[in-house]
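What follows is a single structure, written as structure tokens, with notes after it.
Rule-based calculations on the coordinates, nothing more; no lab input. These numbers were taken from a predicted model, which means no experiment stands behind them. FYI the Cβ positions are ideal-geometry reconstructions off the backbone, even for glycines, and counts take in every protein chain you see.
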Amino acid sequence: MSPTDLLPTIPLAQTHELTTLIDHRRVQTLEKYELSILETLTQTDQVAQSYNDLVLTNMLRGKKVMHLLDQAAFNYLPGNTMVVPPNLKMMIDFPEASDANPTQCVALAIDRLQIIDTVNYLNEFYPKAEDNWSFSFSNYHFYNNEEITALIYKLVRIGFDDSRNKDILADFAVKELLLRLMQLQSLHTAERNVAVLATTTRFAHTLHYIKENIAEKISVDDLSAQAYMSKPNFYRAFKQEFGLSPIDYIIKERMRLAKRCLKNPALSITEICFKAGFSNLAYFTRMFRQLEGMTPTEYRGLCLA
């Protein structure tokens, strides 16, 4: 399943409700959070935007082109999530927006103290095997993750519901969302610096070992031995650290390698299957379809079109 499979259908603002054609905002204010739906109905470029609080945004429909700091511009599409730190200056293009094809984006503003309280709670009651829970406020983060997407859409449903318990439900959902984000941040940090951290951090060493041996058979027994931990403790600690099991991470890495290889027309599907560590072509095809929503052949066709 991909994040786009989870997209909720949120009705667009009625014409008589529009106060602007660029980032028209509908706001639901909860006790501790602010939830906004932003809609743009006309093509435009270089729209400046920033937030006072940390904001999670998720595209629901349409397309934006984001210009952040000194980074190359990138497309922001349905199912994508961004974590935007306070006061980050963004310039946004809406190259395809129109009445018939509007952009729609959800933005969730979270007060810094709420995040700090959640981090402190986790460190007190659910300490990690290595270092402490922490949340990065300084850099923007871009994700395409179905669990994050599902939680944001859950918050949209809560925010626009009439339930008397909506503030309680939103509080629990945001805490889970922050936990998932911290796990993703931890994973991305370890992956970006895996060669350096592998000598000092056991889970970075685990990731490095997986990447170096991706074409081989890798078991949780192998990984727990590499980490000098019992199998149950290793499995539990790895999942707590990164938000997914060791086996799920191995499959994720194999799919990542397979997708890169599929862009090379010189390699056959069978060669790619074994190169990525799958021992059975039928299983590879089934897993690829399950995770990517298409067969390897169909994916290759899209890449090479």
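For the reader, a short list of remarks on this structure follows.
- Estimated FRET transfer efficiency when R0 is 41 angstrom, pair E124-T9 (beta carbons, to 0.05): 0.55
- The overall shape of the stretch 60-116 is oblate: from the C-alpha gyration tensor, with semi-axes ordered a ≥ b ≥ c, the ratio a/c is 1.5 or greater and a/b is no larger than b/c.
- Here, the stretch 74-173 is characterised by an Rg to Rh ratio of 1.01, where Rg is the alpha-carbon radius of gyration and Rh the Kirkwood radius.
- Cα gyration tensor category, rounded, prolate or oblate, for the stretch 167-305 with a/c compared to 1.5: oblate
- Taking the C-alpha atoms only, the angle from helix 231-242 to the longest principal axis of the chain is near 30 degrees.
- FRET efficiency, R286 to T189 (Cβ-Cβ, R0 35 Å, nearest 0.05): 0.65
- Pairs beyond 31 Å (Cα-Cα), from K166/K259; K63/K239; K128/K217: K166/K259; K63/K239
- All Cα-Cα separations within the stretch 248-304 were binned at 5 Å from zero, giving a P(r) of 4, 23, 36, 27, 9, 1, each value a whole percent of the pairs.
- The convex hull built on the alpha-carbon positions of the stretch 35-132 has an orientation-averaged projected area of 7.8 nm².
- Projected label distance in nm at T29 and Q49, using a 7 Å step from Cα toward the beta-carbon: 2.2
- The stretch 218-290: trypsin sites (Lys or Arg not before Pro) falling in loop per DSSP and having at most 13 other Cβ within 10 Å: K263
- Relative to the compact-globule estimate of 2.2 N^0.38 Å, the Cα radius of gyration of the chain comes out at 1.09.
- Gyration tensor verdict on the stretch 121-191 (Cα atoms; rounded if a/c is under 1.5, prolate if a/b is larger than b/c, oblate otherwise): oblate
- Candidates L88, L30, L69: whichever shows maximal mean-square fluctuation once the chain is modelled as a Gaussian network with Cα springs under 10 Å: L69
- Pairs of Cα atoms nearer than 8 Å and 6+ residues apart set the relative contact order; for the chain it is 15 percent.
- Among the chymotrypsin sites (Phe, Trp or Tyr not before Pro) in the stretch 200-257, those placed in a DSSP loop whose Cβ has at most 10 other Cβ atoms within 10 Å are Y228.
- Dipole magnitude for the chain: about 820 debye, using +1 per Lys or Arg Cβ and -1 per Asp or Glu Cβ, origin at the Cα centre.
- Binning all Cα-Cα separations of the stretch 191-245 at 10 Å, short to long from zero, yields these whole-percent fractions: 25, 59, 15.
- In the chain, the longest principal axis of the Cα atoms and the axis of helix 281-292 are about 20 degrees apart.
- Ascending count of other beta-carbon atoms within 10 Å, so fewest first, for E216, E147: E216, E147
- Among the trypsin sites (Lys or Arg not before Pro) found in the stretch 148-216, those both in a DSSP coil and sparsely packed, with 13 or fewer other Cβ atoms within 10 Å of their Cβ, are R164.
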